[in-house]
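The structure under discussion appears below in the form of structure tokens.
The values are calculated or read from the model by the stated rules, or taken from the named source; none is laboratory data. Nothing here was measured: the structure is a model prediction, and the numbers come from that model. Cβ sites come from the backbone with ideal geometry, for glycine too, and all protein chains shown count toward neighbours. Ligands, DNA and RNA are stripped out before the accessible areas are found, and what is left, the full protein with its side chains, is counted by its heavy atoms. Shrake-Rupley method; radii C 1.70, N 1.55, O 1.52, S 1.80 Å.
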Amino acid sequence: MTTAESSTAGAPHGRYPAGQGSARARDLHLTDSVRSARQDARAQGGQSGQWMPYLPASGSPYCPPEVDPSALVWAETVAPGGYTHKVLARGTRLRFDDPTGDACAHLLLFNALEPIERLNVADTQKIPWQAYLGQNHPLLSGDGRVLAVVSGDSSGRHDAFCGTTTDAWNERKYGDARPEGPSPSGRGLFLKAAAKHGLSRRDLPPGVSFFQGVRVESDGTLGWQGSAGPGTHVELIAEMPLLVLVANVAHPLDPRPGYVVGPLRVHAWRGAPTGPGEPRFTATPELHRAYLNTVDYCEARGL
Amino acid sequence: MATTRTGNTPVTRPTVPGGPVASTVPVGAVYAEGTRLEWGASLVEGSVVLDETVAPNAPWSAVVRQGHVLTIVDVGGNQSADCLLYSADDPEERYSVPDTLSWQGNAYVRTGTVLRSNEGRPLMTVVANEIDRQDTIGGACGKESNTLRYGHHVMFQHGCRENFLAEAGRRGLGVRDLVSNLNWFMNVPVEADGALGIVDGMSAPGRRVAVRAERDVLVLVSNCPQMNNPCNDFNPTPLRMLVVDPTPAARETRLAPPVGDARSAAAAGTPEGAS
Ligand SMILES: [Zn+2]
């Protein structure tokens, strides 16, 4: 580690309030021996920040209403321009909250057991005969199964057309797309999240995004609808064991000249997959057969 | 990669010296006798570097060199040509529906649409088009998705995903490389309430679309065998694939092998100046 003031690592962190006032970070740490460095490092624990995972998840300060905190398996606030990822058991409830109205949760889903099975946006729009995501909309794989279903939605402003941003897009729009920079692309973040599960470029299909709506006009124009305002949420049920990748980045069609993204809260808790006795299971002929395929796969695998 | 793939065998009954071989295999349907077929010609002037027929139900692929123009002829009318594109030099960079749509701000493909990669760069550009709009929302049919759409009794049928897997395998690609695709000559409207679906086509025998390669592009096509919706008018017909080199120099040296490396001109001709 260098202590030089020209270190680029120091600059961005200085933008966030971390209880350090205007003092230089260097002046706050006594690290001239292993013992003092260890003391200094350990003294930093136990703090909280605006965006962080909460461990154990049951200790989340933002446990969703009517959820038993002890059932939580994932609790996190994703920073603007940040990403997260998790492997979830079948039946897990997954909830995204947009506290400011400026979050944009770009999502990719994979079958955690066989990641070559993954979200297929074309099938997700075509098979339900519906382009816009909402209550009971299945997120389908290319293998005819339900990876997840939208089980709750207080926003109604989502998008399955535009996918996420690329480096080329953000460089053109914001002049920068570095994942560590001020305007990271969604794809750049997905690449890192995927890499942590052994996946790479070719494993990233088109995705969907929540909280910033797009509507297709009669001539095909993709019209910007934007957010439904602060305080909305979306809830999903993992109908299969899932690898979930999330990037919280500005939507490609966001018309604002700046890169505006709010924090994204993520919570997941134990639950059961949609079962044959529930109305959703047979809500439409297509959804019914998709569930039959899903249960068939899971039963055979002993899930 | 080879420039072309030869030996497109039409789906016909196999024959041995003793005559046709009986088969109990329930293969896909082909067009009815008497179907009008218009074989057309290239939409763009140039020397022909490839001229092949894709039989009903069959896959096809070829590398289209930078600057060359691929014309696809809808020989029998309303025959969906499901299509995927890959950068020939780096197939992990491949066609992307959302990038194509986001960059143009429109959900439909028409003349001028730049077909972009998952990294936002141009792969091909639609330079001519003889139907109102082309589809890239509807995705590909497949055995698995057919079970959702029509029931498990059609699981045995052939599908575009099967064609893509078979043809991708011949090019060293696989299931990880299949993404949402283009559907030339297919009609998928999005209505005001978000209702979306494959409806009767707007094409006709001999209608064409032409796409110019902005760099060397591997083109995968599935001549859609679907018999449960109107994406081929329930009458699978052939496609004609024509690649021409439109440059004047190439016209003088007809049928010369493709010029070794045209990549030095990369991006110069790409629309929107993006690269
Ligand atoms: Zn098909």
Out of segment A:140-155, which residues are within 11 Å of chain B (Cβ to nearest Cβ) and in contact with a Gly (Cβ under 9 Å, 6 or more places away or on another chain)? A:Gly142, A:Asp143, A:Gly144
In this structure, does B:Ala140 turn out to be in a loop (DSSP other than H, G, I, E, B) and either of a type in the set (Ser, Thr, Tyr) or under 25 Å from A:Tyr297 (Cβ atoms) (or both)? yes
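So in segment A:217-230, with the set limited to residues that are more than 15 Å from A:Asp254 (Cα to Cα) and within 14 Å of chain B (Cβ to nearest Cβ), which one is most open to solvent (accessible area, probe 1.4 Å)?
So, considering only residues that are more than 15 Å from A:Asp254 (Cα to Cα) and within 14 Å of chain B (Cβ to nearest Cβ), the one most open to solvent (accessible area, probe 1.4 Å) is A:Ser218.
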Filter segment B:47-74 for residues that are assigned to a loop (DSSP other than H, G, I, E, B) and surrounded by 20 or more Cβ atoms within 10 Å (Cβ to Cβ); the one that is nearest to the ligand (Cβ to nearest atom) is B:Asn57
Options A:Pro263, A:Pro252: the member that is within 14 Å of another protein chain (Cβ to nearest Cβ) and under 20 Å from A:Val78 (Cβ atoms): A:Pro252
Go through segment A:266-290 and give me each residue that's in contact with a Phe, Trp or Tyr (Cβ under 7 Å, 6 or more places away or on another chain), away from chain B (no Cβ under 14 Å) and either modelled with pLDDT under 95 or surrounded by fewer than 21 Cβ atoms within 10 Å (Cβ to Cβ) (or both). A:Gly275
Residue that is least open to solvent (accessible area, probe 1.4 Å), among those in segment B:148-162 that are within 12 Å of the ligand (Cβ to nearest atom) and in a loop (DSSP other than H, G, I, E, B): B:Gly159
All but one of (1) under 25 Å from B:Glu52 (Cβ atoms); (2) open to solvent by 30 Å² or more (accessible area, probe 1.4 Å); (3) more than 14 Å from every other protein chain (Cβ to nearest Cβ) hold for B:Val221; which doesn't? (2)
Considering residues of segment B:222-237 that are touching a strand residue (DSSP E or B) at 6+ places or on another chain (Cβ under 8 Å) and under 13 Å from B:Cys160 (Cα atoms) only, the residue nearest to the ligand (Cβ to nearest atom): B:Cys224
Residues of segment B:75-118 satisfying the condition of being of a type in the set (Phe, Trp, Tyr) and either open to solvent by 20 Å² or more (accessible area, probe 1.4 Å) or more than 18 Å from B:Asp132 (Cβ to Cβ) (or both): B:Tyr86, B:Tyr95, B:Trp103
Restricting attention to segment A:161-187, report how many residues are open to solvent by less than 10 Å² (accessible area, probe 1.4 Å), touching a helix residue (DSSP H, G or I) at 6+ places or on another chain (Cβ under 7 Å) and within 13 Å of chain B (Cβ to nearest Cβ). 7
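Give the residues of segment B:172-190 that are of a type in the set (Val, Ile, Thr) and assigned to a strand (DSSP E or B), sorted by residue number.
The answer is B:Val190, and nothing else.
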So which residues in segment A:92-136 are touching a residue at least 24 places away in the same chain (Cβ under 8 Å), within 14 Å of another protein chain (Cβ to nearest Cβ) and in a strand (DSSP E or B)? A:His106, A:Leu107, A:Leu108, A:Phe110, A:Asn111, A:Arg118, A:Leu119
So A:His233 clears everything in (1) under 23 Å from the mean Cα position of the chain (by Cα); (2) open to solvent by 40 Å² or more (accessible area, probe 1.4 Å); (3) under 15 Å from A:Pro138 (Cβ atoms) except one condition, right? Which one? (3)
Which pairs do you get when a residue that is over 21 Å from B:Leu115 (Cα atoms) and in contact (Cβ under 8 Å) with a residue 60 or more places away in the chain, found in segment B:216-240, comes within reach of a residue that is more than 11 Å from the ligand (Cβ to nearest atom) and in a strand (DSSP E or B), reach meaning Cβ atoms under 6 angstrom, with the pair 6+ apart or on two chains? B:Pro238/B:Thr53
Which of the residues that make up segment B:74-85 are more than 20 Å from B:Phe234 (Cβ to Cβ) and either among the aliphatic types (A, V, I, L, M) or over 12 Å from the mean Cα position of the chain (by Cα) (or both)? B:Leu84, B:Leu85
Of those in segment B:163-204 that are of a type in the set (A, V, I, L, M, F, W, C), away from chain A (no Cβ under 13 Å) and touching an Asp or Glu at 6+ places or on another chain (Cβ under 9 Å), the residue farthest from the ligand (Cβ to nearest atom) is B:Ala204
Does at least one position in segment B:240-247 carry a residue that is more than 14 Å from the ligand (Cβ to nearest atom) and surrounded by fewer than 19 Cβ atoms within 10 Å (Cβ to Cβ)? yes
